[in-house]
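Here the structure is laid out as structure tokens; the discussion comes afterwards.
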Amino acid sequence: MVYLSDIEIFNLRNKGEFKIEPFEPKLVRSICVELRLGNRFTTIMSSSTNYIDPIAGLAEEYITTQKLSTVEVLDSGSYIISPGEYVIGITNEKITMPKTHYGSLFGRASMGRLGLQVFCSGGFVDPAFSGYLTLEIFNASKVPIMLRAGMPIAKLTVEELKVVPTVLRPSLTDYERAAEVTLAKADEVEDETA
């Protein structure tokens with residue numbers, strides 16, 4: 001694992017190969033780019049399914065029958081996440097990765113110390129991906145936490161591949177077009193188990 005330094009990240013961006021929109025130079029750190037929280041949050045309110053068994057094929061039924069609540073706050077607004085609550089959010093920034101690089105997403109340690117767990121399952125941003133990153137956010141503390149649109153929420157590191165992949169996942173196109181919270185699709189759950 002060799003992360004790009006701030007100078008290499010700036011060079012890649014200046015060549016037009018790596019894009020961050022909107023871009024603020026102060027968000028580029030020594031070996032990462034700070035990403036901010038977007039203004040859309042989705043939570044699962046209820047479902048007629050008693051449990052989830054992705055391997056047994058209940059994933060599609062679960063995904064299509066869940067009752068969701070999506071909240072969009074003002075750009076300077078906030079969302080209060082209750083203790084034990086799980087929400088799906090997105091980054092404020094749209095990321096475009098070159099085919100020659102991939103990214104790794106990490107939650108911020110300062111948020112973790114407050115009991116706020118922020119992650120992206122798998123943690124990778126694939127080569128040639130372009131879109132907003134979906135964040136899985138969980139309040140593990142005993143008190144509500146205020147999530148503010150625009151607050152620093154995660155770190156993205158960039159790493160160079162030795163060889164350009166011969167296969168880029170075509171299923172990413174659904175996510176690339178998304179400018180909103182994106183939930184899992186049933187065929188994707190099955191694909192990851194193979």
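The values are calculated or read from the model by the stated rules, or taken from the named source; none is laboratory data. Just so we're clear, the structure is a prediction, and the values are computed from it rather than from any experiment. Cβ placement follows ideal geometry from the backbone for every residue including glycine, while neighbour counts extend to all protein chains displayed. Side chains are part of the model used for accessible areas, which takes the heavy atoms of the whole protein and leaves out ligands, DNA and RNA. Shrake-Rupley method; radii C 1.70, N 1.55, O 1.52, S 1.80 Å.
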Lone qualifier among 76, 30 - being open to solvent by 40 Å² or more (accessible area, probe 1.4 Å), at pLDDT below 95 and part of a loop (DSSP other than H, G, I, E, B): 76
Wholly enclosed strands (runs of 3 or more DSSP E) of the stretch 93-194 bearing at least 3 residues open to solvent by 30 Å² or more (accessible area, probe 1.4 Å) and at pLDDT 95 or above: 152-160
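Yes or no, residue by residue, for (1) at pLDDT 95 or above; (2) not in a helix (DSSP H, G or I):
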site: 1; (1), (2): no, yes
site: 7; (1), (2): yes, no
site: 10; (1), (2): yes, no
site: 16; (1), (2): yes, yes
site: 36; (1), (2): yes, yes
site: 51; (1), (2): no, yes
site: 59; (1), (2): no, no
site: 63; (1), (2): no, no
Members of the stretch 79-92 that are polar (S, T, N, Q) and not in a strand (DSSP E or B): 82
Selection within the stretch 4-23 - under 19 Å from the mean Cα position of the chain (by Cα) and surrounded by fewer than 15 Cβ atoms within 10 Å (Cβ to Cβ): 21, 22, 23
Long-range neighbours under 6 Å by Cβ, at least six apart or interchain, first residue within 19 Å of residue 91 (Cα to Cα) within the stretch 4-21, second in a loop (DSSP other than H, G, I, E, B): 18/98
